[in-house]
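**Student:** A single structure is presented below for examination.
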Amino acid sequence: MRQQLTTLIATAGGIGDIIRTTPLIRVFHEIGYEVDVLLAPDYHETALLLEGAPEIRRLYVAQASHEHGHPRPAYRGEVYDIAVFTLWGERLNKAVQARRIFSFNAGQWKQHGDIACIRDVARSIGWSRELPSPFAIASSREFGLSSETVALHPGCKTGWPWKKWHGFDSLARLIPNVVIVGAGSDLDNARTYFREPFEWPAHAVDFSGKLNLPDTAALIKQCAALVSNDSGLMHLGVALGIPVFGVFGLTSPVREAMPEPNMHAITKGLQCEPACRKQPWGRRDCSYSLECLKTLNASEVFARLGSVLSGASAPVGGN
C-alpha cells in the first residue's frame, strides 16, 4: 500500500503573511497530502488561528530563542515529500528535510506578492483551479452583537504608520453599531501623517487591546463587515468570510489583498495611484505625501458600505 504523501509549509511574519499562506495549505490537503505547518510568527497568538484546522496534520511553532528561529530537533527526523518556504519562512529551511523544495522567488514576491508565489507552487504540483479561500480559526466566544455591527481596525503592523488612515473616528459616527478591534498600540498615531488621537463617539465599543487574537477573530466574524487599514486583521477578516473593506494608500491592493469576493479595496482613485503602486515594495512615502489617504473622507468610505449595512442609512452624528 502506497504511503500517503507529506508536505511541510514553513511561513513566518505577521498575521497577514501567515493567513495568505492558508490557500496553499488547502491545495496540498485537497490533492491528498498530509500537511504539517511550521510557523515563526511575529505575534505568538497567530499560531492559535490555525490550531485545530482540519487541513493541518501537525502545527509547529519555531521559537525565536531556540537555534535562532530554527525548528526544534524533534522535526529533524522526518523527510517530507515536499517542503515549501515562503519568503519570510526561508530562514527555517536549515532544519527541514524534503525530497523536493519550493522557495518563493524574491523578485516575484517584491513585485507581485505572496499570492502570485503561491499560485506558482500550486501549479507546479498539478493544481489547475483557482486557489481555495483562506481560513482561520476563531474562538467560540459570543459577543451578542447586533446583526448590523461593523468592526473598525484603525491600526496596522508596528513600524508601518504610513498605512494608517485618519478617518476611522469620523466613520464611526456614521455607523449606528460599531466596535473597534486591534491591539492597544494600534491607537498610537504619533508617527502618522495626522498625528492626532482618534476621538470615538460614545456609542462605539472599543475592544482594542482587550482581547486575545482568537477572541478578536470571533468578534470580527460576528460583525456584518470590517473596515480596516491594509493590515493583518484585514486579511483575517477575509479568511473569516465577512465583507472586508480595506483602505489602501501607498500599498497596492493588487499585490497585498487576497483575490476573494468578500474583499473590497477602497482607494481615493487619484490619477497618480497606478504608477505609484508600481514602485518598489516597502516605500514609506511618495511624491504627493500620501495625498490619497489625506483626501479620502469618511463619507466616501461609508458609501462603499451601503450594500451590506441595511441599518446604517441614517448617520449617527456628523462627519
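**Student:** Just checking, which of PRO197, PRO161 is modelled with pLDDT of 95 or more and assigned by TED's automatic domain parsing to the domain that holds GLU256? Steps first, please.
**Tutor:** Details: PRO161 fails: modelled with pLDDT of 95 or more.
PRO197 is the lone residue from the list that is modelled with pLDDT of 95 or more and assigned by TED's automatic domain parsing to the domain that holds GLU256.
**Student:** Let me ask you something else. For ILE25, state whether it is outside the structural domain of LEU211 (by TED's automatic domain parsing) and out of contact with any strand residue (DSSP E or B) (no Cβ under 7 Å at 6 or more places or on another chain). Show your work before the answer.
**Tutor:** Details: outside the structural domain of LEU211 (by TED's automatic domain parsing): yes; out of contact with any strand residue (DSSP E or B) (no Cβ under 7 Å at 6 or more places or on another chain): no.
When the stated conditions are applied, ILE25 does not pass them.
**Student:** Okay, next question. Please pick out the residue among LYS210, LYS221 that is basic (Lys, Arg), modelled with pLDDT of 95 or more and surrounded by fewer than 19 Cβ atoms within 10 Å (Cβ to Cβ). So that I can check it myself, show each step before the final result.
**Tutor:** Working: LYS221 fails: surrounded by fewer than 19 Cβ atoms within 10 Å (Cβ to Cβ).
Selected residue: LYS210, the only one of LYS210, LYS221 that is basic (Lys, Arg), modelled with pLDDT of 95 or more and surrounded by fewer than 19 Cβ atoms within 10 Å (Cβ to Cβ).
**Student:** Now, a different point. Scan segment 147-163 residue by residue and report those that are touching a strand residue (DSSP E or B) at 6+ places or on another chain (Cβ under 8 Å) and not in a loop (DSSP other than H, G, I, E, B).
**Tutor:** VAL150, ALA151, LEU152, HIS153, LYS163
**Student:** Shifting gears a bit: Working carefully through the options GLY282, GLY237, GLY269, GLY241, find the one that is on the phi > 0 side of the Ramachandran plot and modelled with pLDDT of 95 or more.
**Tutor:** Only one candidate qualifies: GLY241.
**Student:** ILE115 passes all but one of (1) outside the structural domain of ARG283 (by TED's automatic domain parsing); (2) part of a loop (DSSP other than H, G, I, E, B); which number fails?
**Tutor:** The single condition ILE115 does not satisfy is (2).
The values are calculated or read from the model by the stated rules, or taken from the named source; none is laboratory data. What you see is a predicted model; the values in this text were computed from it and never measured. Using ideal geometry, Cβ is built from the backbone for each residue, glycine included, and neighbour counts are taken over all protein chains shown.
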